[in-house]
Amino acid sequence: MNYSELYESQVKSYCRSFPCVFDKAKGSFIFSDSGDKYIDFFDGAGALNYGHNNDYIKDKVIDYLSDDGIIHALDMFTAAKESFLEKFHQSVLSKLGDYKVQFCGPTGTNANEAALKLARKITGRTTVFAFTGSFHGMSLGSMSVTSGVEIRNSAGVPLDNVVFMPYCAGSGFEFDTLDYMENILNDDHSGVDIPAAVIFETVQAEGGINVADIEWLKRLEHICEKYGILTICDEIQVGCGRTGDFYSFERAGIHPDLISSSKSISGYGFPMSILLIKSKYDIWEPAEHNGTFRGNQIAFVSAKAALEFREKNNLKNEVERKAVIISDFLEKELLPLNSEISFRGIGMIWGVDFSKIDATGELTHIIASDCFKKRLIIERAGRHDTVLKIMPALTIEDDVLLEGLEIIKASAIDSLTKIR
Ligand SMILES: Cc1ncc(COP(=O)(O)O)c(C=O)c1O
C-alpha cells in the first residue's frame, strides 16, 4: 500500500496497469523504487519520443535553471520563447507553409479546444465532422469529437454539434468512406449541415493504430476544399517524428488549416501544447483563448533542444530503419503464432491486433500484464482494447527494441495457451 493508493482519487488509470512505484528513468528504461528495470514501450503515451532524461536536452534545461531563466511569464515575450520560435520556424514551420503558432493551455486537449472554437468562429458554422475510432482529449469540446462510448458517457451533458463519419481503417466498413462523406455533403436530403471543420488523425493511435493512406488523406483535403470546410489535423500523439517526418501529415503532402501539437513537442515530458494556424485564419481577438499556463518557459528551452537533437541524430532515418526492425519481427515471429493475429503501423507506432481471437480484450489484458511481469511496459488500444500498442522512444537502441519485442512474443505464446 502506498500513499497514492490511500489518498489518490479513483480516477487514476495507468497505475492500475503498471502497479509499482517508479523512481528513475533513463532512455528507454524505467526503474522501480525496488530497483526493477523495465523496458518502456509506452513512452508516456507519446510524450517521450526522445527517451527519458535525454542528456542533450537535460543539459540545456539545467543551464537555463542554473542561470535563473524566467520560468513563468504567461504569454509575455521572453528570450526562451523567441529562441524556440526561431528554431521551430527554421526546422518545421518554414517547410509547412504560412502558419502562425498559438500557445495553448498545457495539455493537448486545449489545442483541440482552440481549434474547434476557431474553426467555428472562422466559418460561422456549428457542426464539426469527426471520425469513428477517434480520440482527441478529455475536455468537453475534445470529448465531443471523440468516438469511444465510455469517454462520451462520462461527459454528463449531451455532446452535440458533431457528426461522425466512418474512418478509412479500423471501423469494419467495407465501402469507400470518403464517397460516403461526399454523398452526405452533396445530398440536399442528407439531413446533415455542411460542417465548420473535419478533425482527423492521420494514424488513430488510441483507436487501434489505424493508418490512413496517402490517397485518402489527399482526397479528404480535396473534399474539404471543395465544400469550404476547414481541416484540423490532430498531431498530438503521432506528431514530433513518430511516423518519420516531423508531422505525420507531411507524408501525404497535405496542408491542414489547423494543426494541434503537444506531447513530445517539448521533448522532455514537460507540458506544452500549440496550435498551428494558417496565417489567413488567425482571426482571434487578443485573449480570446486565454490561460495562465500558456507558455511554459522550460518547455520552450527543451523543445528547442529537442529539435536540435532530432537533426543532429538524423531521427527521421532512424525511425524509418527501426520501423523495418519492428515490422520484420512482427511478421516473422508474431504472425506464425496464430493465423488470426494481424499487425499494422508506420514509423515507430505499431499495433498487434488480437481481436479475431478474442474480441473482448481479455487476451490482450493477459498479454500486457504478463509483459509487465517480464519487465516490459506496453499499453493496449482500439475497440475493446484488443490491440497491443508498440510505441517505444524513437531513440531506443536496437538491442533493447528487440528485447522488448521478444518479451511480447514470449507473453503472447504463454497467454495464447492460457485462453485455449
Ligand atoms: C490524438 C490525441 N489527441 C489529443 C490527446 C489529448 O492530449 P492530452 O491528454 O495532453 O490532453 C491525446 C492524448 O492521448 C491524443 O492521443
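The values are calculated or read from the model by the stated rules, or taken from the named source; none is laboratory data. None of these values were measured; they are calculated from a predicted model. A quick note on method: Cβ atoms are made from the backbone with ideal geometry, for glycine too, and the neighbour counts reach across all protein chains shown. These area figures cover heavy atoms from the full protein model, side chains too; ligands, DNA and RNA do not enter into them. Shrake-Rupley method; radii C 1.70, N 1.55, O 1.52, S 1.80 Å.
Quick rundown of the values:
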item	result
The chain, helix-only ellipticity at 222 nm - DSSP H runs n ≥ 4, -39,500 (n - 2.57), divided by all residues, nearest 500	-10500 deg cm²/dmol
Sequence-distant residues sharing a close amide H with Thr386 (under 5 Å, placed H)	Ala381
Of all DSSP beta bridges in the chain, antiparallel share, percent nearest 5	70 percent
Cα centroid of the range 256-296 to Cα centroid of the range 301-362, whole Å	28 Å
Projected label distance in nm at Asp75 and Ala359, using a 7 Å step from Cα toward the beta-carbon	4.7 nm
Phi-based couplings in Hz for the range 346-355 (Karplus 6.51, -1.76, 1.60; Gly and Pro marked x)	7, x, 10, 9, 9, x, 9, 9, 10, 5
Sequence-distant residues sharing a close amide H with Phe343 (under 5 Å, placed H)	Asp353
Charge dipole of the chain about the Cα centre (unit charges at C-beta), most positive-ward option of Asn317, Ala47, Gly148	Ala47
Computed log₁₀ I(q)/I(0) - Debye formula, equal Cα scatterers, no solvent, the range 229-308, q 0.11, 0.15, 0.21, 0.24 Å⁻¹	-0.32, -0.59, -1.06, -1.22
Accessible-area composition of the range 321-420, carbon plus sulfur, in percent [1.4 Å probe]	52 percent
Largest to smallest principal axis extent of the C-alpha atoms in the range 61-104, angstrom	36, 20, 13
Along the chain, longest interval not containing exposed GluC sites (Glu not before Pro), exposed being DSSP loop plus at most 14 other Cβ atoms within 10 Å	9-173
Sites Ala287 and Leu65 - FRET efficiency at Förster radius 30 Å, r taken between beta-carbons, to 0.05	0.55
Exposure of Ile298 as accessible area (Å², to 10), given a probe of 1.4 Å and all protein chains	30 Å²
Gain upon complete extension [Asn317, Ser190; 0.36 nm per residue less C-alpha separation]	41.1 nm
Spin-label pair Glu406/Glu8, simplified geometry with 7 Å Cα→Cβ offset, distance in nm	3.2 nm
Cα-derived Rg over Rh, computed across the range 290-420 with Rh taken as Kirkwood radius	1.07
The chain: most fluctuating residue of Ala169, Ala73, Ala305 per GNM, C-alpha cutoff 10 Å	Ala73
Long-range HN-HN contacts of Ala197 with modeled amide H, under 5 Å	Phe129, Leu230
Pairs of Cα atoms farther than 35 Å apart, the chain, %	27 percent
Segment Ser342-Asn53, length gained on full extension (0.36 nm per residue, minus Cα span)	100.7 nm
Accessible solvent surface per residue of the chain, calculated while the other protein chains remain in place, 1.4 angstrom probe, Å²	44 Å²
J(HN,Hα) series, the range 234-245, from Karplus relation 6.51 cos²θ - 1.76 cosθ + 1.60, nearest Hz, glycine and proline x	8, 9, 4, 9, 9, x, 6, x, 4, 9, x, 5
At 0.692 mPa s and 37 °C, Stokes diffusion of the range 350-420 via Kirkwood alpha-carbon radius, µm² per second	269 µm²/s
Listed peptides 40-47, 117-124 by packing density, highest first (mean Cβ within 10 Å)	40-47, 117-124
Integer Hz, Karplus 6.51/-1.76/1.60 couplings in order for the range 78-91, x for Gly and Pro	9, 5, 5, 5, 4, 5, 4, 4, 4, 5, 4, 5, 5, 8
